[in-house]
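Throughout, read-outs are computed from the coordinates displayed, never taken from laboratory work. Computed from a predicted model, the values in this text were never measured in an experiment. Don't worry about glycine lacking a Cβ; one is built from the backbone with ideal geometry, like all the others, and counts go over all protein chains shown.
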Amino acid sequence: MHTTAQQQVPHLITALPGPQAAAWIARDEQVISPSYTRIYPLVAARASGCTLEDVDGNVFLDFTSGIAVTSTGHAHPDVVAAIADQAAKLIHMSGTDFYYGPEIELAERLARLPLGDGPNKVFFCNSGAEAIEAALKLARYHTGRQRVIACYGGFHGRTFGAMSIGGSKAKHQHGFGPMLPGVHRIHYDCSRAELEEQFATCCPADEVAAIFVEPIQGESGYRVPSAGFLPMLREVCDEHGILLVVDEIQSGLGRTGRMLAVEHFGVTPDIVCLAKGIASGLPLGAIVTKAKHMTWPPGSHASTFGGNPVACRAALVTLDLIEREYMANAAARGVQLAAGLKRLAGDATLGLSNPRGLGLMQAIDVLEAGEPSGHRRDAVIQAAFRLGLLLLGCGAAGVRFCPALCVSAKEADVMLRIFEQACRTTSGNT
Ligand SMILES: Cc1ncc(COP(=O)(O)O)c(C=O)c1O
């Protein structure tokens, strides 16, 4: 297992932010877009596995993996070696217009993802939002239909198509309208009756190109649907010739203990959207679909950097490590984390509730005066940071735990101990 040489993690040697971090943040404020949502004053310098050092030499335990991205841990030596080797040979040639091996090899690999019978094909891009845009365009093109159905609470990215099908926070759309027309929404985990009502009242089923769904909703709180929801969507799609598009950008490629999170629900999608963890930190996105659906002609969609050879080499090593070792580890550590969070939720003095998740997509809600509280959740995350633990929020009052898939049992225990301490220091009127 890929671990760090650090003796003690976390290990803080300055007040936070330290002097170097404070100086960088002052410079950042002058030149970086204010649209970013920095949650605490962390200025990263280097990282390995689940350990991250800031510019002042403070060492943190990272349970964010850069928002569920560094799946094999920060700077895995095999990933670094593949990147260095490929960079010395060929950094770029644009796979849209030319051929090169790493892109083809990675497509062969991703084409083996479980999408039911028949050969699959892959389209490469650079990010999650771009994967969603590609899926939207392909679904419209292939079906000749314009409408799409998406979920309240869904988050798919911030480009126009992705933003238009999002349903997690109004501020993502505020001031940017008009959105893409023809987007209908259903409640996540809804009954078949809700879809039927849409079809009967405002959304003719034979005009719907695709249903977009996150197998586990990420941004809006690591919500795991009931067992029947995704199979119900599959059934409805089959009945009406609609494509089922799963956004596995956060949940996919081993994070939940399976290659795809939809596998937990026995569902095979028509289009899978991937990004985040695919290349352990290099920018890469992809959609995978049945070859028979990939009917768009040359010139209809492409991206200069999509399928960059260096990112593809990083992804090939990442997938090797995930399949060989880290997916099983994600499942085991997920069980450990879930048990730990359940134990913490059972201690009424901590003010926590609703532990949930699959594999290394775990979350818990933070309470104040017995009610879910975004305010106290933010305070807990700040307190954890000041104790050397990096966490992220999700949903209205959730804290998410999405470490690298290589996280060790010891690191999971240390995290649980610090998180408990952070809750105690902000227990307030729980
Ligand atoms: C489920 C899901 N879809 C799409 C995206 C957008 O990905 P990106 O930020 O790479 O565009 C995200 C990012 O958080 C996500 O979690």
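Of the residues THR143, THR426, the one with the fewest other Cβ atoms within 10 Å heads the list, and the complete ranking is THR143, THR426.
The gain in end-to-end length when the GLN30 to ALA81 segment is fully stretched comes to 14.8 nm, 0.36 nm per residue minus the alpha carbon separation. Comparing Cα centroids, segment 235-312 and segment 78-97 end up 22 angstrom apart. Charge tally around LYS171: other residues with Cβ under 13 Å, Lys/Arg +1 each, Asp/Glu -1 each, net +1. Shape class of segment 241-297 from the Cα gyration tensor (axes a ≥ b ≥ c, square roots of the eigenvalues): oblate, since a/c reaches 1.5 or more and a/b does not exceed b/c.
Taking square-rooted eigenvalues a ≥ b ≥ c of the alpha carbon gyration tensor, is the chain rounded, prolate or oblate, where a/c under 1.5 means rounded and, failing that, a/b exceeding b/c means prolate? Oblate, because a/c is 1.5 or more while a/b does not exceed b/c. Placing unit charges on each Cβ (+1 for Lys and Arg, -1 for Asp and Glu) gives the chain a dipole about its Cα centre, and among PRO225, THR96, GLY393 the Cα reaching farthest toward its positive end belongs to GLY393. Within segment 92-239, antiparallel bridges make up roughly 10 percent of the DSSP beta bridges whose residues both belong there. Across segment 78-321, Cα pairs under 8 Å and at least six residues apart give a relative contact order of 31 percent. Applying both filters, DSSP loop and at most 15 other Cβ atoms within 10 Å, to the chymotrypsin sites (Phe, Trp or Tyr not before Pro) of segment 116-151 eliminates every site. In sequence order, segment 203-208 has phi-based couplings of 9, x, 4, 7, 9, 8 Hz under the Karplus curve 6.51 cos²θ - 1.76 cosθ + 1.60, θ = phi - 60°, and Gly or Pro positions carry x. Non-local amide H neighbours of LEU352 (under 5 Å, H modeled in plane, Pro and chain starts lacking H): which ones? It is LEU367, by chain and number.
Computed over the chain, relative contact order equals 21 percent, with contacts defined as Cα pairs under 8 Å that lie 6+ residues apart. Among 221-231, 317-327, 274-284, 34-44, sorting by the average number of other beta carbon atoms lying within 10 angstrom of each residue, highest first, gives 274-284, 317-327, 221-231, 34-44. Among the lysines of the chain, pairs that are 8 or more positions apart or on different chains and have alpha carbons within less than 17 Å of each other number 5. Using Cβ point charges alone (K and R +1, D and E -1), the dipole size of segment 78-321 about the Cα centre works out to roughly 400 debye.
Backbone geometry of segment 239-245 corresponds, through the Karplus equation with coefficients 6.51, -1.76 and 1.60 at θ = phi - 60°, to 3J(HN,Hα) couplings of 5, 10, x, 9, 7, 8, 9 Hz, x marking Gly and Pro.
Only the Cβ atoms of Lys and Arg (+1) and of Asp and Glu (-1) were treated as charged; on that basis the dipole of segment 320-430 about its Cα centre amounts to roughly 160 debye. Binning all Cα-Cα separations of segment 44-107 at 10 Å, short to long from zero, yields these whole-percent fractions: 19, 36, 28, 15, 2. Within the shell of other residues whose beta carbon sits under 14 angstrom from the beta carbon of LEU52, the net charge comes to -4, with Lys and Arg scored +1 and Asp and Glu -1. Sequence-ordered 3J(HN,Hα) estimates for segment 358-374 from the Karplus curve with 6.51, -1.76 and 1.60 and θ = phi - 60° stand at 9, x, 9, 10, 10, 8, 8, 8, 9, 10, 9, 6, x, 10, x, 9, x Hz, glycine and proline given as x. Note on THR96 and LYS121: with the Förster distance fixed at 25 Å, the Cβ-Cβ geometry gives a FRET efficiency of about 0.95. For ILE186, the residues whose amide H sits under 5 Å from its own are ALA150, CYS151, TYR152, ignoring neighbours fewer than 5 places away on the same chain, with H placed 1.01 Å from N. Taking every DSSP beta bridge that has both ends in the chain, the antiparallel portion is near 65%. Net charge dipole, segment 212-306: roughly 260 debye, given to the nearest 20, about the Cα centre with Cβ charges of +1 for Lys and Arg and -1 for Asp and Glu. Taking amide H positions as modeled 1.01 Å from N, with prolines and chain starts lacking one, the residues under 5 Å from GLN217 and 5 or more places away or on another chain are ARG223.
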